[in-house]
Amino acid sequence: MDNKAEKSSSGLARQRLPAIAAGLALIVLASALFRPPPPAPAGPPAPPPPSVRLVRSAAKGADSLGGGDLASEDAALHDPTPLFLPTRWSSAQKELPDRPPEGSFTGYAPRLVFAEDRLGLDLEHAAPPMRAADALREGPLGSNPLIGFGRAEAPVPALGQRLARVSAADVRTGRIVFTESIPDAPGAPAELRSRAWEPLGFMAAVDAAGLVRPLVATARSGTAADSFFLGYLSGDFRIGERLAPGFYRIWVGP
C-alpha cells in the first residue's frame, strides 16, 4: 500500500512541473513590460547668488583717508574706531573764537530797593491790642472778614489757688470719671507750691474695699512730687474710696 501512494504522489508532481514553469515564464514577461522612466537630462549649472562687496585695492601707498578710490571706502567701512567718537564723517571740529579781554563791557551799578543801613518800610507804630477781639477787629490788611462770625470778648474766670489737680480715667473706655482739685496738703514740698514739676501718672486697681494694692507709678517728674503724691493719694486723699471698682489711670498735675 505504501509503494502505491508514493508512486501516485510522484506522478502528480511530474504533471504539475510544466504548469509551474509556464507560470514563472509569464511573470518574467510581465515584469519586463514595466520599466522605470529614464532619468532627466542634467541642465546647465545654476549661477551663484548675487552679492555686494567692496573690492580691496592692491595699490600701495594709497591714502586711506582720501576719497574717490575703493581703498579709502573699504578702510572707512572696516574702521575699528567706535562710532560714538567724533570723526570727519560724524562731526566737524570748529574753531572757537578768542574770548574778549576782561573789561570790554562795564558793569551796571546795583539798584537797591532798601537802603543798606536801614530797612525803610516806614511802618506806623501801633500799640498792641488789649483784648483778643480788638486784634481781630484791627487787622493790618484793613477790614477783617472774620468779623461778624460771633467773635467777641468772652470773660475768662481766673483760676483759684490750688496745689494740684487729680484726674482718673477708666482703662477700658478711656473716659474720665473723676476730677478734683487739691487746694493744699500738709507737708507738701516747696517745689509743688512753686509749680516747678511735671505731671505724674499712676495705675490703680480698686475693688469694693478700696485700693487692691499700692499705686504703680507710670510717669515720673524726677522731683520730690513723685514720692509725696504716691503716699498722699493712698493715705490722706483716699483715692480708692472715691472710685468704683475697676482699673484706672490717675494723672496728677499742677
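The values are calculated or read from the model by the stated rules, or taken from the named source; none is laboratory data. Computed from a prediction, not measured in an experiment: that's the story for all the values here. Glycine gets a Cβ as well: all are built from the backbone with ideal geometry, and neighbour counts include every protein chain shown.
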Consider Ala154 carefully, then state whether it is modelled with pLDDT under 75, more than 45 Å from the chain's Cα centre (by Cα), assigned to a loop (DSSP other than H, G, I, E, B) and of a type in the set (A, V, I, L, M, F, W, C). yes
Going through the stretch 206-233 in order, the residues found to be surrounded by fewer than 18 Cβ atoms within 10 Å (Cβ to Cβ) and under 15 Å from Ser167 (Cα atoms) are Ala217, Thr218, Ala219
Exactly one of Gly103, Gly160, Gly139 is at pLDDT below 80, more than 30 Å from Phe237 (Cβ to Cβ) and exposed (fewer than 10 other Cβ atoms within 10 Å of the Cβ), and that residue is Gly103
Among (1) surrounded by 14 or more Cβ atoms within 10 Å (Cβ to Cβ); (2) under 52 Å from the mean Cα position of the chain (by Cα); (3) assigned to a loop (DSSP other than H, G, I, E, B), Gly174 falls short only on (1)
Within the stretch 177-191, restricting to residues that are surrounded by 13 or more Cβ atoms within 10 Å (Cβ to Cβ) and among the aliphatic types (A, V, I, L, M), the one that is farthest from the chain's Cα centre (by Cα) is Ala185
